[in-house]
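Structure first, commentary second.
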Amino acid sequence: MNGDMDNDTNAGQAPQPEEQELRERVRAFLAEHDPAGTPRDQFASARFDAGLAAVHYPRGHGGLGLPRSLQAAAEEEFAKAGAAPLDPLRNVIGLGMAAPTIIAFGTEEQKRRWLRPLWTGEEVWCQLFSEPGAGSDLAGLATRAVRDGEDWVVNGQKVWTSLAHRARWGLLLARTDPDAPKHAGLSYFVVDMRAPGVEVRPLRQLTGEAEFNEVFLTDVRIPDSHRLGGVGEGWRVAQTTLMNERVSIGSSRSVPRETGGIGYAAAAWRAHPGRRTHDLHQRLLRLWAEAEVARLAGERLRQLLAAGEPGPEGSAAKLTFARLNQEISAWEVEFAGSDGLRYDDWTMRRPEFTDYGRGPVYRYLRSRGNSIEGGTSEIMRNIIAERVLGLPAEPRADTGVPWKDLPR
Ligand SMILES: Cc1cc2nc3c(=O)[nH]c(=O)nc-3n(C[C@H](O)[C@H](O)[C@H](O)COP(=O)(O)OP(=O)(O)OC[C@H]3O[C@@H](n4cnc5c(N)ncnc54)[C@H](O)[C@@H]3O)c2cc1C
């Protein structure tokens with residue numbers, strides 16, 4: 001195991017010159033912007049403009065073009081000065097998926113327009129990919145975009161659109177050439193969720209809440225300047241979004257040992273000695289060890305990420321996250337005994353984020369979706385088998401083309 005596995009900033013070693021320079025830059029920024037005396041939104045905007053939002057973002061667009069691994073050093077300096085940390089839940093699709101896609105494919109103008117309010121949390125984003133007839137087989141989607149002068153006119157229906165009720169912008173994959181082979185006929189747009197013709201209807205889930213929605217698009221006009229990537233290149237752009245989505249779901253940030261689901265389970269174990277059994281003890285130990293392995297594997301994945309864009313390894317993190325969340329929350333409900341049969345509140349709400357801290361039964365119900373959202377566990381296994389392990393590809397029923405030969 002790598003010696004600095006637990007800490008991106010090489011604890012105990014002298015900082016590298018690049019890191020030292022970054023720390024000094026943050027301190028100089030803090031000398032001019034007192035986090036206690038500056039309103040939160042002004043502080044965030046100034047931080048973005050100083051290139052200290054996310055150091056791997058491009059210069060002039062919230063970053064300094066530095067390796068992603070140096071972000072931890074910047075965060076450390078901000079934390080020491082009492083600045084509020086970035087809340088990744090605030091704009092989970094914006095930060096985790098829209099930003100990397102815009103950075104990879106956006107024009108200078110698009111980066112200037114969208115990255116700043118995305119990072120400050122002023123503008124929330126959603127992802128309009130899935131349709132009633134296209135989920136795992138995303139390239140089979142039917143939403144059409146037809147060119148009309150400087151605009152595209154979009155008609156279709158999207159489904160399972162998380163946060164569409166709060167979003168200002170949506171990442172939209174639509175068919176622009178129905179005659180081309182299906183992966184080649186797609187283009188990628190950014191749609192204004194307030195544009196005429198966009199209708200968002202809540203979809204209530206097992207938890208009682210409606211985190212996601214159906215979105216109906218009727219003659220929605222999107223300026224061509226809101227296209228990300230070339231016409232017909234939508235599938236390639238979407239791969240960047242999807243790979244970042246898996247990492248963002250499975251392993252988005254460094255977390256201390258025993259946090260998340262396993263933290264709740266361990267706390268319950270310590271608080272209720274009377275509920276302990278030998279079998280529950282054995283299972284908790286196994287889950288604890290697996291959660292720790294997943295956490296360390298997540299650290300390693302972030303180191304790989306620091307060197308470039310996420311690869312199919314993100315699928316393994318996503319697969320493990322889903323399995324462990326479901327097994328750990330099932331353990332928690334069983335350990336709770338008769339209390340595990342009670343649910344706190346089934347009120348219909350349209351939440352701003354997924355609150356796993358709500359309680360064991362909520363966690364149990366919500367984690368059912370973990371093996372579906374962001375690509376199902378079966379699809380993750382296909383990707384790992386073919387693109388990581390190099391096993392022979394299974395021809396896809398729809399095209400006869402193996403996964404590995406599809407454009408990425
Ligand atoms: C909580 C939640 C939030 C979501 N948020 C969003 C969002 O914001 N935006 C968005 O666009 N979508 C979102 N989704 C949708 C999600 O991406 C899709 O549900 C998912 O990709 C699966 O598609 P599907 O539901 O059409 O199932 P299908 O693709 O119809 O799959 C049905 C079953 O068949 C299996 N299967 C399909 N193809 C294969 C294959 N080739 N090999 C083996 N098994 C296969 C699947 O694993 C699954 O078990 C969300 C879903 C959930 C649960």
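Using 13 Å as the cut-off for backbone N distance, which residues of the stretch 135-178 belong to the label zone defined by a point 7 Å from the Cα of Phe216 along Cα→Cβ?
156-158
Suppose the chain between Ala31 and His272 were pulled fully straight at 0.36 nm per residue; how much longer would it get relative to their current alpha carbon spacing?
Fully extending the segment from Ala31 to His272 adds 82.0 nm.
Identify the residues of the stretch 52-67 with backbone N under 13 Å of a label point that sits 7 angstrom from the Cα of Glu108 along the Cα-to-Cβ direction, or state none.
Counting only backbone N, you get 59-61.
Counting only DSSP beta bridges with both residues in the stretch 109-179, what percent are antiparallel, rounded to the nearest 5? Mind dumping the intermediate values first?
Numbers: 6 of 11 bridges.
Rounded to the nearest five, the antiparallel share is 55 percent.
So what's the back-of-envelope 222 nm ellipticity for the chain, counting only DSSP H runs of four-plus at -39500 (n - 2.57) apiece and dividing by all residues, rounded to 500?
-12000 deg cm²/dmol
With all distinct Cα pairs included, what does the Kirkwood hydrodynamic radius of the stretch 137-201 come out to in Å, to one decimal, could you say?
Numbers: mean 1/r = 0.0793 Å⁻¹.
For the stretch 137-201, inverting the mean 1/r across all distinct Cα pairs yields 12.6 Å.
In bins 10 Å wide, starting from 0, what share of all Cα pairs of the stretch 287-362 does each bin hold, as a percent?
15, 34, 30, 16, 3
Mind giving me the nanometre distance, one decimal, between the label points for Gln282 and Tyr343, set 7 Å out from Cα along Cα→Cβ?
Between Gln282 and Tyr343, the label points sit 3.2 nm apart.
Using a 1.4 angstrom probe on the protein heavy atoms only, line up Arg246, Arg275, Arg201 by accessible area, largest first.
Largest accessible area first, the residues go Arg201, Arg275, Arg246.
Could you tell me the number of lysine pairs in the chain with C-alpha atoms less than 29 Å from each other, where the two lysines are 8 or more residues apart or belong to different chains?
For the chain, the number of qualifying lysine pairs is 9.
Using a ≥ b ≥ c from the Cα gyration tensor of the stretch 149-249 (square roots of the eigenvalues), is it rounded, prolate or oblate, where a/c under 1.5 gives rounded and otherwise the larger of a/b and b/c decides, a/b for prolate?
Numbers: a/c = 1.95, a/b = 1.34, b/c = 1.45.
Because a/c hits 1.5 or more and a/b fails to exceed b/c, the stretch 149-249 counts as oblate.
With a 1.4 Å probe and all protein chains in place, put His278, His183, His272 in order of accessible area, largest first.
Reading off the accessible areas and sorting them downward yields His278, His272, His183.
May I ask you to give the percent of accessible area on the stretch 289-341 that is carbon plus sulfur, with a probe radius of 1.4 Å?
Here it works out to 61 percent.
Tell me, what is the per residue accessible area of the chain in Å², probe radius 1.4 Å?
So the chain comes to 47 Å² accessible per residue, rounded to a whole number.
Provide, for q = 0.10, 0.17, 0.19 Å⁻¹, the log10 of I(q)/I(0) from a solvent-free Debye sum over equal Cα point scatterers in the stretch 242-384.
Reported log10 I(q)/I(0), two decimals: -0.36, -0.98, -1.15.
Averaging over every viewing direction, what projected area does the convex hull of the Cα atoms of the chain cover, in nm²? Don't skip to the answer; put the middle values down first.
Numbers: hull surface 88.6 nm².
Projected area, direction-averaged: 22.2 nm².
Let's test the formula: R0 of 22 Å, r as the Cβ-Cβ distance of Ser136 and Thr259. What FRET efficiency results, to the nearest 0.05?
Efficiency at R0 = 22 Å is approximately 0.10.
Order Lys111, Lys80, most accessible first, counting only protein heavy atoms with a 1.4 angstrom probe.
I get Lys80, Lys111, largest accessible area first.
The values are calculated or read from the model by the stated rules, or taken from the named source; none is laboratory data. Remember, it's a predicted structure, so these values are computed and weren't measured experimentally. No Cβ is skipped: glycine too gets one built from the backbone with ideal geometry, and neighbour counts run over all protein chains shown. Accessible surface areas use protein heavy atoms only, side chains included; no ligands, DNA or RNA. Shrake-Rupley method; radii C 1.70, N 1.55, O 1.52, S 1.80 Å.
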